[in-house]
Amino acid sequence: MRKTVKILIMASAFSALMATTAFAARINSVDIKAVADDDAPLEAGKCVDPYFYTNSHNYSISGVEDLDADSSPTRTHTYEITLDANDGNRFSDNVNVTYSGVTEVTRKRVEDDGYTLELRVEAYPYYMFPAPGNLHLDEGEERAKWDSVSNADRYEYVIDWTDRNGDDKTKHGTTSSERVDISSYIRKYDDDRYDDCEIVGMAVRATGDAGKNPRTADGEWAIIGDVDLGDYDDDYDSWSDAIGRESNTSGSTGSSGSPSQPSNQNGWIQDLRGAWHWNTPNGYATGWIHDGSNWYYCNQSGTMLTGWINDGNGWYYCDASGKMLTGWVNDGSNWYYCDVSGRMQAGWLLDGSNWFYLNPISGAGGQPYGAMLTGWQAIDGNTYYFNPVSNGTRGAMLVGSHVIDGVGYYFNTNHDGTYGRLITG
């Protein structure tokens, strides 16, 4: 009886050992992750590799090689990753690979009788734009200019200036070109005289996604003069801080070894930097996009833009949500009018029964192109007056008799081509 029990116990122990050994010997699935390497320096203008890691005790990453170390930040780099099986484990020939922070796994190969797994993956590097060079103010052309930054699709700028009353002002904006109109910040027109304003300082930096690379950080600032960046000075501590929270691409090769990608359906998606894109099965859409309700505009990189946009045919305004606006538009500084197609208008505008005048010459009167003008205006040799008061008819041309600053005036009421003109004599 004891002998039988002993045999049963030994048999049970042997079976358990064999089961444990069999379980430990086969790795059917591995998982790799790619995140920001916060030990890497924040160096602008250079690609920085992601940090690849795994949480498993059954295998570990023993080597990573960037096969495209000198390539552009606008495309994914190819990384060769070597994984070693630990503690006598072996990789299954049909091992499944799951991943995050990687766009796809293009190859997997089991070597050394299953003790080594070689992967070839595609992943974006981390990248920060360098500061634009040659930032300067061209007061003759009334423009601020700077050199183009490779792969940048837009620029962010901050202008600190002093108006004619000596008050400190700040202008923050973005542009897709390497220049900004500064006419409004160096002079103001009032009653046939120019009053000097002064730009105290200016800063500009490159932004965008470097050709759809979601791991692109806003660039370093180029600064002239004395400018207070305030909340616009990010002062990054690490790559994680520079990029922000990542919504990494994830997927799986499947047990067959054929890479599979997340489904690409039409619709808005947000990248790691918070920029929005209209996704299609063929990639990010560009140009004007109608989502069934509203119009939006995406640049050549597929990034949705906001604010003033020049598509080559005219100026359009998209609000903070990206939606194109029509009718009267206030951009925070001036009123403008965009027709039913969204294009900004200039010159004379009849809205209802009121006439308005939208600045047809950039910088005239210290106002940008298309801005609604108020007060006294000399137009084509005639004098008009446009309501400067915000009472529901601001900007409307006055006709008939009016008292302005204590003085009586009469503006023509005849619809014979002289409507609204100041009558003198």
- Query: Among the residues of region 210-232, which ones are touching a Pro at 6+ places or on another chain (Cβ under 8 Å) and closer than 20 Å to Gly133 by Cα?
  - Reply: Ala210, Thr216, Gly219, Glu220, Ala222
- Note on region 304-320: residues farther than 18 Å from Tyr157 by Cα, in contact (Cβ under 8 Å) with a residue 12 or more places away in the chain and in a loop (DSSP other than H, G, I, E, B) are Asp311, Asn313, Gly314, Asp319
- Output the residues belonging to region 178-203 that are touching a Ser or Thr at 6+ places or on another chain (Cβ under 9 Å) and either at pLDDT below 70 or within 19 Å of Ala152 (Cα to Cα) (or both). Glu178, Cys197
- For Leu119, are the conditions met, namely being assigned to a strand (DSSP E or B), aliphatic (A, V, I, L, M) and more than 20 Å from Ile186 (Cα to Cα)? yes
- Could you say whether any residue in region 107-122 is at pLDDT 85 or above and under 29 Å from the mean Cα position of the chain (by Cα)? yes
- Message: What's the total number of residues in region 326-343 that are touching a Leu at 6+ places or on another chain (Cβ under 8 Å), touching a residue at least 24 places away in the same chain (Cβ under 8 Å) and assigned to a strand (DSSP E or B)?
- Response: 2
- Task: Report, ordered by the first and then the second residue, all pairs with beta carbons closer than 6 Å, sequence separation of six or more or different chains, a first member in region 164-182 that is farther than 27 Å from Gly302 by Cα and open to solvent by less than 50 Å² (accessible area, probe 1.4 Å), and a second member that is among the small types (Gly, Ala, Ser) and at pLDDT 85 or above.
- Result: Ile182/Ala144
- Message: Pairs needed: first member in region 216-241, open to solvent by 50 Å² or more (accessible area, probe 1.4 Å); second member anywhere, among the hydroxyl-bearing types (Ser, Thr, Tyr); C-beta distance under 9 Å; at least 6 residues apart or different chains.
- Response: Asp228/Thr170
- Could you please let me know if Trp335 is under 30 Å from Thr170 (Cβ atoms), among the aromatic types (Phe, Trp, Tyr), open to solvent by 70 Å² or more (accessible area, probe 1.4 Å) and touching a Lys or Arg at 6+ places or on another chain (Cβ under 8 Å)? yes
- Restricting the search to region 123-152, which residues are modelled with pLDDT under 90 and not aliphatic (A, V, I, L, M)? Tyr124, Asp138, Glu139, Gly140, Glu141, Glu142, Arg143, Ser150, Asn151
- Message: The conditions are (1) assigned to a strand (DSSP E or B); (2) under 30 Å from Leu305 (Cβ atoms); (3) modelled with pLDDT under 95, and Ile361 fails exactly one of them. Which is it?
- Response: (1)
- Query: In region 388-403, how many residues are within 36 Å of the chain's Cα centre (by Cα) and surrounded by 14 or more Cβ atoms within 10 Å (Cβ to Cβ)?
  - Reply: 2
- For residues in region 59-82 being of a type in the set (A, V, I, L, M) and touching a strand residue (DSSP E or B) at 6+ places or on another chain (Cβ under 6 Å), which is farthest from Val48 (Cα to Cα)? Ile61
- Please verify whether region 123-135 includes one or more residues that are out of contact with any strand residue (DSSP E or B) (no Cβ under 6 Å at 6 or more places or on another chain), buried (at least 17 other Cβ atoms within 10 Å of the Cβ) and either in a loop (DSSP other than H, G, I, E, B) or hydroxyl-bearing (Ser, Thr, Tyr) (or both). yes
- State yes or no: is Trp348 surrounded by fewer than 17 Cβ atoms within 10 Å (Cβ to Cβ), under 39 Å from the mean Cα position of the chain (by Cα) and assigned to a strand (DSSP E or B)? yes
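The values are calculated or read from the model by the stated rules, or taken from the named source; none is laboratory data. From a predicted model like this one, the values you see are computed outputs, not experimental measurements. Ideal geometry is used to build each Cβ from the backbone, glycine not excepted, and the neighbour counts take in all protein chains shown. Ligands, DNA and RNA are excluded from the accessible area calculation, which covers all protein heavy atoms including side chains. Shrake-Rupley method; radii C 1.70, N 1.55, O 1.52, S 1.80 Å.
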